[in-house]
Each structure stands twice: as C-alpha cells, then as structure tokens.
1. Multiplying the sequence separation of D2 and D592 by 0.36 nm and subtracting their Cα-Cα distance, what value in nm do you get?
2. Please work out how much length the chain gains when fully extended from K390 to S349, using 0.36 nm per residue of separation minus the C-alpha to C-alpha distance, in nm with one decimal.
3. Rounded, prolate or oblate for region 170-232? Axes are the square roots of the Cα gyration tensor eigenvalues, ordered a ≥ b ≥ c, and the cut-off for rounded is a/c under 1.5.
4. Cross-link partners among lysines for K132, C-alpha distance below 19 Å, same-chain residues fewer than 8 apart left out?
5. When a/c reaches 1.5 or more, the comparison of a/b and b/c decides; with that in mind, is region 288-329 rounded, prolate or oblate per its Cα gyration tensor?
6. Please list 157-165, 296-304, 229-237 highest first by mean number of surrounding beta-carbon atoms within 10 Å per residue.
7. Please sort 289-295, 140-146 by packing, taking for each peptide the average over its residues of neighbouring beta carbons within 10 angstrom, highest first.
8. Using alpha carbon centroids, what distance separates region 235-265 and region 123-186, in Å?
Amino acid sequence: MDYKNELNDMQYEAVVTTEGPVLILAGAGSGKTRVLTYRISYLVGECGVAPYNIMAITFTNKAAREMRERTERLLNGNVNGMWLNTFHAACGKILRAHAERIGFTDNFVIYDESEATAVIKDCQRRLNIDDKRLSHGMIRAVISKQKDELVTPEQYADTMAHTNYEGRMLAQCYTMYRDTLRKNNAMDFDDMLLNTLELFDKCPDVLEYYQNRFKYIMVDEYQDTNQAQYLFISKLAAKHHNLCVVGDDDQSIYSFRGADIRNILNFEKENRNCKVIKLEQNYRSTQYILDAANKVIAHNSGRKSKSLWTSKGSGDKIVHYTAYNQNEEADFVVREIKKGVAAGDMNYSDYAVLYRANALSKNIENALVKHGVPYKIYGGLRFYDRMEIKDLIAYLRVFNNPADDVALKRIINVPKRGIGQTSINKAVEIAERENTSLFNVMLSATEYPELSRSGQRMFDTALKFSEIMLQADEMSIPDFIQRIFDETGMLLEYEKEDAQIEDQARADNLREFLSVAKEYEIEQRNMGNEDITYAGFLEYVSLSSDADTKVSTDDDNKVTLMTIHSAKGLEFPVVFIIGTEDGIFPSYRSLDESPDAINEERRLCYVAITRAMRKLYILNTEERMLYGKTTHNQPSRFLCELPASCVEGINQKQKSSFGGGMGASRTAGRGRHNG
C-alpha cells in the first residue's frame, strides 16, 4: 500500500512512527480512526509484527467493530489473534481465563446498572437504611466514585469510621455490596477493571504473560480514560513501551463518569522520549465553523494547543438568533428545517438539535409535532433495557450461574407461578441465614415450614430449571433460547388471544433476541472462535452500550434530538444549538464550581460546534420557562467568545459583542434575526 499517498503528512507520520511512546492529538474530524487502522496495517504489513502481538482499545463496541472491519479490509482478514476491543471486553477476556486466581469462577456474570441497583436496594434493606435519608442512587454513585479512584471498601471504611451516621452507613453498604457480588460470582462494570488490576497485582506471572504478548498497544479516546483504565494500560505497556494513545484534550467532557483529563495532558511528561503528533486538518466542517471552535476553546487554560483547518472553504457563516422565549426558539428551529427540506436539497435526517439538558427538548418536540416534522430522540430505551429482554437475559444468567440471586429473584415468578413476593423474601432470608444461594434454598424449599404452600412451587421451579440447565451443552445458543421459550412459557405469555399491542411488541422483541444470538455465533466464527460459550454471549450482551443500539430503518429520515454529550463522535450537515444562556449552557452548577468546571463546559461547547458540517445555528432566549420557573438568563458567555467575522445575525445598531467580551447583543425585535 502507498501509505504516503493515502494519508496527509501528519497522518502519515502518526502511522509510521511505530516505536516508543506516541501521543497523537487528533482534533475533531481529523481522521483518527483512519490513522489507527492504517497504523495497525503498517505494523503488520510493513514491519512484520504478528497480529497476535497487537492490542487496540476503544470505548464502545460500535467503535471496536468499526476498527476491526476497517482493519480486516486493509489486511485482507489477517487479524487472527489481534485484540481490537473495548476496555471492558479486554478485561473480560483476561478474567475469563484467570478469574479463579482471584476467587471467581470463569462463568462469572456482569451486572448492569439495574442489577447493581437491585443489590444496593437489598443492602439498604439489610442495613435498615431509609432511602429518603440515603438514596440508592446516591449510594451507587459513591461506590462507583470510590472504585474510579481505586479505593477499596476497607480503605473507605477507615476514612468514614469517625464521620457521621451517613458516612458510616455508606461504608457498610460498600462492603456489603462488594461481598454480595462476590457471593453471587458477579461483577459490575467498574469491577471488571478493578479485578483485572487485582489479578495483575496478585499474579505477576499473568501480567508478564500479557506484557510479553502485547508488544504494540494503541488506545483511542485517551482523554476519556479514568484512573483504573490508565493503570491497566500503563501496566500492560511497561515492558515494551510501544504505547500509542490517540485523543483530544479539547473533547474531554466526561469527568462526571470519572474521566481524568490529566491522563492525556501528562502523557508526554510521564513517557520519556514521547513523540507528539498533531492532526489538525479537519475533513468534516467548513472554515467558519472551525474558526469559531478554535476561538472558543482558546479561552481554556492548560490545554494542548492546536488549530483546526480545512480545505473545504469558508462556507456559510454561523447564524445567531435570540428568541423572545422557548416557544419562539422552537418555532424558529422548525421553520428553518421545513424551509431547507422544502427547497429540495435537504432531508430531515440532515438536521440535529443539540441541547445541554434533556429538559430543553420538550418545546422542540412540541413544535416538531405541531408542524408534522418527523423526529427521533437519540439514546431512547435500548433494546437490551426492555423488560422482556431483561427477563430473558436473567433466565440465561441463572442457567449459566445458579448462584446469581439477583437474576433468579427477577424471574422466579416470570411468568406467574404463584410464588408471591412475601415467600420470595422469606426464601432470601433463609439463604442469608444459612449463607447459601437462593437456588439452593429452592431445591430444599419443602423442608422449610415458613415457606408454606410456596415451598412446593419453589421446589418444582428449581427442578424445572435444573432440567433445562442440563440441556444447555447439547445445543446452540439460539436453540437453547428457543427451549427456554418452550419450557418456561414466557413467549406464550405475550401471544395469548387477548394480547394487547404492547404484548405483541414484547413477543416480537423476544423473537428478535434469537437474531441477536445467531448474529453473535456468526460473528464469533468469522473471528475464528469456535469455542462459543453462554458466558461469552452474556458478556457480549452486557457490554453493549447506548452507542451500539441499532436504529431501525424507519428512523432514516427524521430530525435528530440529543444532548451534546450524546452527540460526541457524530456529525450532521446542519446543527442547531439551543439554550445558550448562562445557567443553562454553561450550567448553573459549573458557574458555582472551580474554573475546571467552566473549562469542561467550554469543551462541551467546542464539541457541539464541531458536530456541524455545513451550517450551524446558535440560539438563546430573552426569557425561558424551565423546571416550572420563568427566568431571564444572560446570553451564554460562550457567545461572547465567538469571532464576529464568523457570525451573521448581529444587530448592527448595537455594538457587536462577538469576540469583544461584553456580553451577547440583543435582538432589535422579538423573535427576529438580529440585523
């Protein structure tokens, strides 16, 4: 391959600089995925590196699949043994092979948010914690934060020992939560990284094995890594030091998830002889849009300097519009969309409306409905989050790991078997008293007088489940799922003659899950993996993220509504950013916190601006009804930072504040373009 002809100069340098630590600062729309895949191709095709010795890590299954597909095309399928995974999937592979070294079995299960929350609620019950005093959401957030910072339950208990009641209860809940998961042979998403790090610390031979194997490591979206991910990568790369990280500190917007921008800012200092390569040529947007993004983000301190440019030309200027209120703002957006589509050169799917907070979508939705414009809200209810799918997954988890009490409690009476919640609670109390699993109690349920008539039903259910489990190894995953339908009656429950429309939809979703299982088996075989296990399939399902949700074909021509956080990584020909007012964007909370908080809001603004390819609208209102209150917010300080040369719609009778730092100008008339 003629790499020099296929890439621009800086991309080429990033591809052929293969030895030692490399930091690739990839600005928005600069082709970082192309660089990563070509770099892998260059290592294998030109440098003779075995695919087995390469690891590439990213954050979503969607991104990992795209990277794999592109790499396979470049290498004519020669990727056997190469790890192109998310962080969680990579840790999952390591833990499946060595889990017994840290007290788990290789069929451990992964709890999603709802299952983790169920465990926390159970811990609250056992510790007599009033949810009004310490909510399960708060407890979950505290535990996740401690894990992000690598704080163990024991360390947290020491810290909280001499604090107030709430602090001591949080510590007890963290300990009980950890112990419950271990008893259930389960991990949450945070645990996958923490347990891998524990494995590396306790078993140096395991760490050495993977250090020897992965001589070349690449990490995408490095600005989004947290402390645990940073340590995971650092440990793996410590032997060969051929670590290439790709990211953009200007797009670090996930501190609320534990992302630590210092990981990318300090990479150069922490890695001797680090090569820094900047990708600044943008292939997405026009120059006016890029100039605006460059100017806004330049107000942040402590960043890696870079300036995006394009060969696409100047393009249209950014339109700024101040509406009287949120209804006029929404009407303006919809009118502009309808006007563009009516002209014949745009589709509804070319438009996206971005906002800082979900609550801002309501008025836009109302206006779209009023004008008959089709739309979709990005990040709606995921396929895997639907009730009937979670029930089916719970069945699969129980049949894979009967000690999974959380999954068993979910489906013990699904479909209804006459086992009431009171009886389930009594069985749970027996399991806790005898330090055994709920499934074991069910197998002996007739021996416990307190279970009364439900004891026989529990025993019959456990016996039926045991019979189904024995069939698992005899058939494919899709066939086994069909057997679950047949034996449990869960599909039949939604196919009764008097079934409602929503029941029919649930039945369709269950049948669609068969497609998921079949696609998984095909994908695994295409990757050369003949050892297809239920544990692997459950991991595949558990690690599916919102970004991986497939959009049905009837969504193809609809306006997209989404938060700016959700928009990262996407692009649209025309973008509207609404609600650009101080207190909304940037948020009230960031105004009261440290400069770091405002810096992150500004990075969020940079992300929003760079989603636009051809046309960008930025809107604010003079007054806004939000959360039941009418406010008169000042225009966003980010409006002041836009260069006047890139913006149209300014009221020429007043002094322009764009680029002048005096506060955004007002409209001459309500709901009209300035000027």
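The values are calculated or read from the model by the stated rules, or taken from the named source; none is laboratory data. None of these values were measured; they are calculated from a predicted model. All Cβ positions, glycine included, derive from the backbone under ideal geometry; neighbour counts span all protein chains shown. To get the accessible areas, we keep the full protein, side chains included, count just its heavy atoms, and leave off ligands, DNA and RNA. Shrake-Rupley method; radii C 1.70, N 1.55, O 1.52, S 1.80 Å.
1. Separation in residues times 0.36 nm, less the Cα-Cα distance, equals 207.1 nm.
2. The K390-S349 span can extend by a further 11.7 nm.
3. oblate
4. K121
5. oblate
6. 229-237, 296-304, 157-165
7. The packing order, highest mean first, is 289-295, 140-146.
8. 28
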